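The values are calculated or read from the model by the stated rules, or taken from the named source; none is laboratory data. Keep in mind the model is a prediction, meaning the values are calculated, not measured. For neighbour counting, all protein chains shown are included, and Cβ atoms are generated from backbone atoms with ideal geometry for every residue, glycine included. When the accessible area is computed, the model is the full protein with side chains, heavy atoms only, and any ligands, DNA or RNA have been set aside. Shrake-Rupley method; radii C 1.70, N 1.55, O 1.52, S 1.80 Å.
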Amino acid sequence: MAMTKNIVLLFSLLLFHNLSYTQTQPWQGKFEPIDNMISPPNTYRTASGAPGKAYWQQRADYKIKAALDESNNTITGEETITYYNNSPDDLRYLWIQLEQNVNRKGNEDFGSFFNNIKDSITARQMQFLTRAIDFPAGYTIKYIKDINGNSMKSMVNNTMMKVLLKEPLKSGSSLSFSIAWSYPITDRSMFFLSREGYEYFPEDDNTVYLIAHWFPRMAVYNDTEGWQNQQFQRLGEFALEFGDYSVEITVPEDHIIASTGSLLNSDDVLTRTQQNRLKEAGRSFDKPVMIVTKDEAENNEKTKSAKQKTWKFNATNVRDFAFASSRKFLWDAQAVKLPSNTVMAMSFYPKEGLPVWQEESTKAIKNALEVYSDATFDYPYPVAISVNTSNIGMEFPMISFNGGRPKNGRISDAAKQGMIGTIVHEVGHNWFPMIVSSDERKWMWMDEGLNTFLHQRTIAERYPGFSSTTPQTIVPFMSGDKNILRPIMTTSDNELLTQFGNNFYMKPTVGLQMLRNSIVGRELFDQAFKEYANRWKFKHPNPADLFRTLEDASAVDLDWFYRGWFFTTDNVDMELTDVKWYKVNEEEFNNKDQKKTIKLKIEGENSGEKAKDFSSGPEAITMTSTPDASYGGYLSRMDEPELRKQISGKNIYEVSIKNVGGLVMPVTIEWIYTDGSNEIDTLPAEIWRRNEYEIKKTFVKEKEVSKVNLDPNFEFADTDMKNNTFPKAETPSEFDEFKAKKTTN
């Protein structure tokens with residue numbers, strides 16, 4: 001359309017004004033929407049980030065009977081799976097996970113990640129690299145039968161088994177079939193970072209069994225990729241369907257079992273005294289009650305019963321089932337009151353865990369249950385269990401296996417903090433991903449990152465004396481070699497073992513901390529995060545669902561943040577390149593308010609060269625009257641004498657900041673005045689929209705400034721704080737540092 005004279009004039013003025021702000025480097029679209037980087041919305045997953053009206057997910061119920069043979073460390077089981085096809089598709093075959101097969105020789109082991117032979121190597125490292133001492137591992141499938149007892153055809157591809165159906169499983173229908181199987185339980189010490197298996201205690205010739213990844217389980221079939229039949233390669237963990245479990249576990253008579261679910265036959269497996277103690281624990285909200293004491297556990301260790309007993313459990317609406325079994329276990333329990341229900345917090349540990357496990361484990365469970373419930377939704381299950389083991393932390397619904405043991409009854413403060421942090425973290429996994437059921441096999445950060453965020457919040461709130469993650473934590477990682485760094489949006493098994501802790505745990509945590517504390521604000525972010533958790537509890541969210549929900553529930557555009565923090569390896573490095581100090585050069589004018597003429601004096605004037613500090617005083621600005629043409633068609637005029645009055649004597653500072661690291665963030669500026677006081681201004685990240693590489697911003701201050709700092713509270717993980725001040729801080733030379741060190745010595 002034709003441009004009016006006013007628009008032409010405005011365009012000309014803007015063009016002239018913006019010449020000095022032109023971005024001279026390639027535009028990277030840092031504030032463009034990420035729509036083309038995430039899955040598009042559809043009838044199953046809406047543009048708001050919520051499940052759509054047509055959202056569906058499959059379901060699998062399990063009835064399992066299993067027996068643990070301590071004499072040869074094997075487990076044998078039979079299970080009936082009832083699979084519900086809630087998808088709109090007819091299925092001609094099913095995929096079953098056989099994760100124990102990953103332990104067979106030839107599969108990638110964590111030990112092989114460090115495949116660098118040296119001239120000196122330990123025997124255990126050699127075993128990790130070569131598996132010279134071989135051992136049996138993996139499933140023996142005895143049969144697969146339909147509901148009528150007829151054999152079903154199957155094909156095993158490493159950790160996945162394809163079950164062929166004679167007739168397609170129609171949309172909206174269900175299918176029941178049975179599998180009989182067995183496998184040798186592996187020695188955890190034979191693997192690096194083993195998640196399950198047995199731990200042998202030679203001193204008393206006893207064993208603790210951590211039984212997980214233990215029964216053939218249905219793979220996920222969903223709306224975004226069909227069958228999630230990606231092979232289990234250890235790093236990417238779970239993708240599982242929800243269902244109800246009825247499980248019977250036969251073990252030696254003197255064993256104690258800690259398990260997912262509710263114990264159904266306590267009369268059969270617990271003594272009358274233990275049953276009474278358990279009832280007492282259900283009323284004890286202030287401290288744990290010992291269900292199995294140290295003396296009782298030590299008596300169990302001395303004699304190995306040849307008899308067996310069967311423990312019966314059920315679990316409703318869970319996506320997995322795990323248990324631990326040993327005659328070595330001490331057991332304590334305490335009730336935890338949440339707004340909508342009461343949960344039993346329980347700890348199981350061998351005597352080697354004393355005294356710290358008796359003192360701290362159940363307390364840590366309670367703290368996690370309370371903080372996580374407040375941040376998301378009340379823990380919905382009847383029990384939350386922590387089992388002591390060596391070296392790891394590993395999560396399953398209602399139960400976790402957690403490392404951390406004293407030596408000779410003593411534990412360092414650092415080890416104690418690590419133990420408590422592990423328990424909080426693994427209990428927290430009940431929310432992410434055991435209930436908010438993201439695909440860990442594909443996106444590890446969606447459970448580990450979100451869980452670590454709340455784990456660190458729990459530590460900060462309940463253990464304020466402990467160290468916890470802050471933006472500074474991630475600086476060394478983000479300052480690393482960009483040739484090997486990978487974005488958070490990297491699938492689980494494709495990350496380097498040396499980096500996945502930082503990239504999938506710490507970097508998402510710090511990102512969420514930034515959103516909560518410095519970008520969105522606590523109240524609004526907490527409500528949005530809770531919205532995500534409640535929208536997707538007992539469902540399968542994807543990254544796009546999280547990204548969209550946080551924006552939908554906060555009305556804050558965060559695509560710029562997602563793009564930089566999750567999809568790139570850019571880092572935050574803002575450089576405060578210059579601060580110019582000005583005052584208006586005021587001519588004589590009539591002050592109508594005071595009815596007198598005043599003359600304002602210019603304090604000083606820089607030489608024209610770039611100032612290194614404020615010592616040469618302000619530069620002068622000549623402020624002229626506005627010509628009528630600048631007003632275009634407006635007939636009204638600004639009260640220029642009032643403007644002169646308001647700006648009179650004020651200090652005007654122009655701040656120039658470069659984006660060196662590439663990652664845009666809000667800008668926090670600290671002003672330190674000559675009288676010793678200070679003030680903070682915050683600019684939103686959107687200030688980088690017009691120029692992604694350099695910005696200028698003008699401030700008017702009553703007081704004179706002696707120093708300016710960027711990010712004074714270290715909110716944004718700036719990787720180089722040495723370029724964040726004006727005047728520039730003097731950096732001592734290597735010779736000066738050497739001389740100072742020598743003098744000190």
- Message: Can you tell me which residue is least open to solvent (accessible area, probe 1.4 Å) among those in segment 57-77 that are in a strand (DSSP E or B) and within 23 Å of Asp223 (Cβ to Cβ)?
- Response: Ala60
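Rundown of residues vs (1) over 28 Å from the mean Cα position of the chain (by Cα); (2) open to solvent by less than 10 Å² (accessible area, probe 1.4 Å); (3) farther than 25 Å from Glu253 by Cα; (4) charged (D, E, K, R), yes/no style:
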site	(1), (2), (3), (4)
Ala324	no, yes, no, no
Phe329	yes, yes, no, no
Asp332	yes, yes, no, yes
Val336	no, yes, yes, no
Thr342	no, no, yes, no
Tyr349	no, yes, no, no
Glu360	no, no, yes, yes
Lys366	no, no, yes, yes
Leu369	no, yes, yes, no
- Just checking, how many residues over segment 388-442 are more than 28 Å from Thr491 (Cα to Cα), of a type in the set (Val, Ile, Thr) and surrounded by fewer than 24 Cβ atoms within 10 Å (Cβ to Cβ)? 1
- Would you be able to tell me the number of residues in segment 151-163 that are open to solvent by less than 60 Å² (accessible area, probe 1.4 Å) and aliphatic (A, V, I, L, M)? 4
- Residues of segment 234-243 satisfying the condition of being modelled with pLDDT under 95 and either of a type in the set (Phe, Trp, Tyr) or surrounded by fewer than 18 Cβ atoms within 10 Å (Cβ to Cβ) (or both): Phe238
- Residues of segment 443-469 being open to solvent by 20 Å² or more (accessible area, probe 1.4 Å), touching a residue at least 12 places away in the same chain (Cβ under 8 Å), assigned to a loop (DSSP other than H, G, I, E, B) and of a type outside the set (A, V, I, L, M, F, W, C), which ones? Ser467, Ser468
- Message: Among the residues that make up segment 92-108, is at least one of them touching a helix residue (DSSP H, G or I) at 6+ places or on another chain (Cβ under 6 Å), open to solvent by less than 20 Å² (accessible area, probe 1.4 Å), part of a loop (DSSP other than H, G, I, E, B) and of a type outside the set (Ser, Thr, Tyr)?
- Response: no
- Consider only pairs whose beta carbons are under 6 Å apart and that are at least six residues apart or on different chains; among these, list those whose first residue lies in segment 716-731 and is more than 19 Å from Ala611 (Cβ to Cβ) and whose second residue is part of a loop (DSSP other than H, G, I, E, B) and among the hydroxyl-bearing types (Ser, Thr, Tyr). Thr719/Ser479
- Message: Step by step: first the residues of segment 192-230, then only those that are in a strand (DSSP E or B) and either in contact with a His (Cβ under 9 Å, 6 or more places away or on another chain) or β-branched (Val, Ile, Thr) (or both), then the one that is farthest from Trp443 (Cα to Cα). Which residue is that?
- Response: Thr207
- Task: With the condition kept exactly as written, say whether any residue in segment 470-491 is surrounded by 17 or more Cβ atoms within 10 Å (Cβ to Cβ) and small (Gly, Ala, Ser).
- Result: no
- Look at segment 664-694 and say how many of its residues are of a type in the set (A, V, I, L, M), open to solvent by 10 Å² or more (accessible area, probe 1.4 Å) and under 26 Å from the mean Cα position of the chain (by Cα). 0
- Message: Just to check your reading of the model, which residue among Ser171, Ser176, Ser246 is open to solvent by 10 Å² or more (accessible area, probe 1.4 Å), under 30 Å from Ala54 (Cβ atoms), assigned to a strand (DSSP E or B) and polar (S, T, N, Q)?
- Response: Ser176
- Note on the structure: Given (1) under 39 Å from the mean Cα position of the chain (by Cα); (2) over 30 Å from Thr491 (Cα atoms), Ala239 misses just (2)
- Failed item in (1) touching a strand residue (DSSP E or B) at 6+ places or on another chain (Cβ under 9 Å); (2) more than 30 Å from Asp413 (Cβ to Cβ); (3) in a helix (DSSP H, G or I), with Glu352 passing the rest: (2)
